[in-house]
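What follows is a set of notes on a single structure, which appears directly below.
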Amino acid sequence: MNHGGNISAARARFGEPNGGWIDLSTGINPIAFPFTRPDDTTWAQLPQADAEQDLLAAARAAYEVPKTTDIVAGPGTQLLIQLASRLRTPQRVGVVAPTYSEHAIAWRQEGSAIVPLHEPGDARAAGCRIIVVVNPNNPDGRTWAASQLAEIAAEVRGHGGLMVVDEAFADVDPALSLAPLAGQPGILVLRSFGKFYGLAGLRLGFAIGAPSDIGRIRSWLGPWAVSGPAITIATEALSDTAWANNARKRLATDTHQMQTRLRDAGFMIVGATPLFTLVAHANAQRAAVQLAEHGILVRTFDDNETWLRFGLPASEAFPRVADALRSIDLS
């Protein structure tokens with residue numbers, strides 16, 4: 001599976017560049033939340049129940065989750081994607097595509113048939129009571145209003161169905177989130193902590209939904225699913241609304257700057273969020289190799305060789321990325 005972030009494979013193929021690798025193959029905030037290091041006790045003992053409750057309270061506030069809605073924390077959204085596919089019996093599952101491939105893989109492994117959808121509203125015509133949508137979508141940045149998704153979720157709910165909304169990149173635009181409505185039966189929202197807060201290695205995600213569904217996921221996760229340091233760091237980060245607001249402004253500015261560089265290099269912008277930009281060019285694969293030779297790793301796609309996805313570089317890396325983009329030959 002061709003996922004981003006595989007620096008070790010890039011190093012094996014291209015070696016170690018002067019100045020090290022700049023990884024633009026993921027959609028992770030290059031400026032991480034400046035957390036306070038957890039004390040020694042947090043590292044030495046098992047995660048404490050009261051600390052986990054503090055984390056869930058912070059997540060409720062940050063994601064605007066009502067008290068009637070249940071929420072559980074897990075060791076990364078990837079595992080929650082796999083557990084979500086166990087919540088319903090195997091059937092036709094509509095996945096709005098192209099999107100993050102692990103959703104279709106998880107449901108298929110549980111015995112469901114995957115039906116690619118162009119829009120969430122196509123599910124009824126396709127005979128699907130299960131809908132999976134990534135909002136904002138990865139990799140093309142498409143978005144759907146929360147009100148639109150809520151209407152579609154109400155339709156599938158009437159037939160015992162489920163809408164799974166992966167909001168891994170929704171922190172950049174909280175208005176898109178369906179989390180405030182996720183307590184209604186038939187809606188399951190997945191949130192990723194590490195992308196927006198620049199701490200993907202922490203491996204933390206949340207599932208938000210009806211108590212019946214979240215209760216099953218909680219039982220499958222078992223005790224101590226999230227490490228003590230992750231609980232402490234994430235509680236601090238999710239409680240810092242000033243940092244989050246400033247991060248959104250900076251990401252928007254940096255994305256505009258990055259897209260200017262990409263257009264100047266000859267790429268066509270296909271779609272974007274403030275954490276990544278998808279571009280197209282007939283010679284995209286050659287461009288990816290040329291960039292790698294400069295120590296810049298970008299995301300390629302096996303199913304569309306004209307696409308590349310660029311994450312955001314840290315501010316100090318912008319000049320080097322700009323130089324690399326100016327040096328590539330797309331002719």
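Considering every residue within region 135-151, establish whether at least one is in a strand (DSSP E or B) and either within 17 Å of the chain's Cα centre (by Cα) or hydroxyl-bearing (S, T, Y) (or both).
First, pick out the residues of region 135-151 that are in a strand (DSSP E or B): none.
Checked against the condition, which is being in a strand (DSSP E or B) and either within 17 Å of the chain's Cα centre (by Cα) or hydroxyl-bearing (S, T, Y) (or both), region 135-151 yields no hits at all.
Give me the pairs, please: first residue somewhere in region 87-107 and in a helix (DSSP H, G or I) and open to solvent by less than 20 Å² (accessible area, probe 1.4 Å), second residue anywhere and modelled with pLDDT of 95 or more and among the hydroxyl-bearing types (S, T, Y), beta-carbon distance under 6 Å, and either six or more positions apart or on two chains.
A106/S85; W107/S85
I'm trying to understand the selection: among the residues of region 289-298, which are touching a strand residue (DSSP E or B) at 6+ places or on another chain (Cβ under 7 Å) and either open to solvent by 40 Å² or more (accessible area, probe 1.4 Å) or more than 16 Å from M258 (Cβ to Cβ) (or both)?
If we filter region 289-298 for residues that are touching a strand residue (DSSP E or B) at 6+ places or on another chain (Cβ under 7 Å), which is where we start, we get 295-298.
Residue satisfying the conditions is G295 alone.
Pick out, from region 1-84, the helices (runs of 4 or more DSSP H) lying fully within it that include 3 or more residues that are under 28 Å from T300 (Cα atoms) and within 16 Å of the chain's Cα centre (by Cα). So that I can check it myself, show each step before the final result.
Values: elements: 7-14, 40-44, 49-63, 77-84.
Those helices (runs of 4 or more DSSP H) span 77-84.
Just checking, how many residues over region 155-167 are among the small types (G, A, S) and open to solvent by 10 Å² or more (accessible area, probe 1.4 Å)?
As a first pass, look at region 155-167 and keep what is among the small types (G, A, S): 158, 160-161.
Imposing the further condition that a residue be open to solvent by 10 Å² or more (accessible area, probe 1.4 Å) reduces the set to 158, 160.
The total comes to 2.
I'd like to know if region 296-306 contains one or more residues that are in contact with an Asp or Glu (Cβ under 8 Å, 6 or more places away or on another chain) and not basic (K, R).
First, pick out the residues of region 296-306 that are in contact with an Asp or Glu (Cβ under 8 Å, 6 or more places away or on another chain): 297.
Checking which are not basic (K, R) leaves us with 297.
Yes: one or more hits.
With the condition kept exactly as written, say whether any residue in region 170-178 is on the phi > 0 side of the Ramachandran plot and either over 13 Å from the mean Cα position of the chain (by Cα) or at pLDDT 95 or above (or both). Spell out the reasoning first.
Kept after step one, since they are on the phi > 0 side of the Ramachandran plot, are these residues of region 170-178: none.
Scanning region 170-178, I find no residue that is on the phi > 0 side of the Ramachandran plot and either over 13 Å from the mean Cα position of the chain (by Cα) or at pLDDT 95 or above (or both), so the answer is no.
Quick one: P38 ticks every box in (1) open to solvent by less than 20 Å² (accessible area, probe 1.4 Å); (2) farther than 19 Å from A170 by Cβ; (3) modelled with pLDDT of 95 or more; (4) touching a strand residue (DSSP E or B) at 6+ places or on another chain (Cβ under 8 Å) bar one, so which box is it?
Among (1) open to solvent by less than 20 Å² (accessible area, probe 1.4 Å); (2) farther than 19 Å from A170 by Cβ; (3) modelled with pLDDT of 95 or more; (4) touching a strand residue (DSSP E or B) at 6+ places or on another chain (Cβ under 8 Å), P38 violates only (4).
The values are calculated or read from the model by the stated rules, or taken from the named source; none is laboratory data. Model, not experiment: these values are computed from the prediction. Cβ: placed from backbone, ideal geometry, glycine included. Neighbour counts: every protein chain shown. Quick note on the areas: whole protein, heavy atoms, side chains included, nothing else; ligands and nucleic acids left out. Shrake-Rupley method; radii C 1.70, N 1.55, O 1.52, S 1.80 Å.
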